[in-house]
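Down below is the structure, laid out as structure tokens.
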Amino acid sequence: MTLNPGSRGDRDAVRYPVASDPHGHRPVLLREVMDLLAPVPGESVIDLTAGRGGHAAALGASVGAGGVLTLLDRDPDNLAYAGARIAAMPGAPRVHQIHADFRSVALMMPAGGPPANAVLADLGFASTQIDDPARGLAFSHDGPLDMRLDPTRGETAAQLVARLDERELADIIFQYGEDPFARRIARNIAQTRVRMPISTTDQLASLVRESYGTRAAASRLHPATRTFMALRIAVNDELGALEGLVAAVRDAAHAAASGLPTWLAAGARVAIMSFHSLEDRIVKRAFAQMIEAGWAESLTRKPVEASPAEVGANPRARSAKLRAIKLVR
Ligand SMILES: C[S@@+](CC[C@H](N)C(=O)[O-])C[C@H]1O[C@@H](n2cnc3c(N)ncnc32)[C@H](O)[C@@H]1O
């Protein structure tokens, strides 16, 4: 490997030698996450969104063989991949793998295990999920209209599109996707599904493009971008899951501040990285409430964002907003 000691990416590769994924997945804001969570040998850490194990590998290396790393993911394949990646590291910590939605983290933590000293949630989807046509998350390749991050349960996007009435569809596309043509797209979906089921990503993408009419050519983004994002958020109830997670953190912060045993240790650091303004708003409000109540202090006065160099190397980092708190001792 050739290293240019001047660039941040290369400095991180030296500092976190386990961070590069053989499949090319780049963990977003890795250095910033590690600086904020500051895990030390022997601690217990939770990665609530294990994904491809990029952040988890760096967290695991920091807590070392005497530490505990709990991995959660809704996607069983990502969870298994991340778990195997950590287990293969020299000096790997003790690893617990939990296939679950992070909203139930408080119920899922192994009984009798140590409370967590650091917790990370890196929201959304992994590159391997969006790149797999079988997952139906992208309009760039044809596949079944699925979109579930946990393919073992729940309603698919095709089922959601068939079930909701036109007004509900328009609200989802407008609120989560902020698409100005939401009503027109919903009407087109409602008229089309009477004739045939909408069951593939290509079908939905062409229908959205058609709804844009002559404006499609002038659109900076592919016309289907916002509709796909909105339906993915709805299929996976992503905002509900995040509300559940911040409620679990809030309850634990309250308990820890009152000296009661809970899944978070006194002084625990919690970092949440979001990619959508509605997500960031939920995190910002919840953290502000905990700080106001005197249960936590802020570690990020403003949300941390990626540098132009990181965005250049990894365009997904563009919309990342990282906020972190530390529970009171
Ligand atoms: C952006 S990726 C995480 C990438 C990871 N930090 C890494 O460096 O490899 C997000 C992961 O979170 C998972 N996920 C999304 N929402 C979740 C939820 N509510 N509960 C558990 N896992 C979730 C997705 O399945 C995906 O694997």
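The values are calculated or read from the model by the stated rules, or taken from the named source; none is laboratory data. Only a predicted model underlies this, so the values are computations on that prediction, with no experimental measurement involved. Cβ: placed from backbone, ideal geometry, glycine included. Neighbour counts: every protein chain shown.
Report, by residue number, each residue of region 59-75 that is hydrophobic (A, V, I, L, M, F, W, C), under 15 Å from residue 117 (Cβ atoms) and either surrounded by 23 or more Cβ atoms within 10 Å (Cβ to Cβ) or near the ligand (Cβ under 9 Å from one of its atoms) (or both). Steps first, answer last, please.
Here is the first cut: in region 59-75, the ones hydrophobic (A, V, I, L, M, F, W, C) are 59, 61, 63, 65, 68-69, 71-72.
Add one more test, that the residue is under 15 Å from residue 117 (Cβ atoms), and what stays is 59, 63, 68-69.
Answer for region 59-75, where residues must be hydrophobic (A, V, I, L, M, F, W, C), under 15 Å from residue 117 (Cβ atoms) and either surrounded by 23 or more Cβ atoms within 10 Å (Cβ to Cβ) or near the ligand (Cβ under 9 Å from one of its atoms) (or both): 59, 63, 69.
Would you be able to say whether some residue in region 67-77 is part of a helix (DSSP H, G or I), assigned by TED's automatic domain parsing to the domain that holds residue 116, under 26 Å from residue 129 (Cα atoms) and modelled with pLDDT of 95 or more? Give the steps one after another, and end with the answer.
Step one: of region 67-77, the residues part of a helix (DSSP H, G or I) are 76-77.
Applying the additional criterion that residues be assigned by TED's automatic domain parsing to the domain that holds residue 116 yields 76-77.
Next cut, under 26 Å from residue 129 (Cα atoms) only: 76-77.
Filter again for modelled with pLDDT of 95 or more, leaving 76-77.
Yes, region 67-77 contains a residue that is part of a helix (DSSP H, G or I), assigned by TED's automatic domain parsing to the domain that holds residue 116, under 26 Å from residue 129 (Cα atoms) and modelled with pLDDT of 95 or more.
Rundown of residues vs (1) surrounded by fewer than 16 Cβ atoms within 10 Å (Cβ to Cβ); (2) assigned to a loop (DSSP other than H, G, I, E, B), yes/no style:
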position: 186; (1), (2): no, no
position: 197; (1), (2): yes, yes
position: 214; (1), (2): yes, no
position: 223; (1), (2): no, yes
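Scan region 113-126 and tell me whether some residue there is without any contact (Cβ under 8 Å) to a residue 24 or more places away in the chain, out of contact with any Asp or Glu (no Cβ under 7 Å at 6 or more places or on another chain) and at negative phi.
no
Residues that are out of contact with any Ser or Thr (no Cβ under 7 Å at 6 or more places or on another chain), part of a loop (DSSP other than H, G, I, E, B) and more than 13 Å from the ligand (Cβ to nearest atom) within region 20-39 comprise just one, 38. Being surrounded by 22 or more Cβ atoms within 10 Å (Cβ to Cβ) and more than 16 Å from the ligand (Cβ to nearest atom) is a description that applies to residue 290. The set of residues from region 97-128 being within 13 Å of the ligand (Cβ to nearest atom) and crowded, with 21+ Cβ neighbours inside 10 Å comprises 101, 102, 105, 119, 120, 121, 122, 123, 124, 125, 126. What are the pairs, 6+ residues apart or on separate chains, where a residue within region 44-59 that is farther than 11 Å from residue 26 by Cα and assigned to a strand (DSSP E or B) has its Cβ under 9 Å from a residue that is more than 9 Å from the ligand (Cβ to nearest atom) and among the polar types (S, T, N, Q)? Matching pairs, first to second residue: 44/70; 44/117; 45/62; 45/70; 45/117; 46/70; 47/70. The residue that is farthest from the ligand (Cβ to nearest atom), counting only those in region 240-277 that are assigned to a loop (DSSP other than H, G, I, E, B) and in contact with a helix residue (DSSP H, G or I) (Cβ under 7 Å, 6 or more places away or on another chain), is 262.
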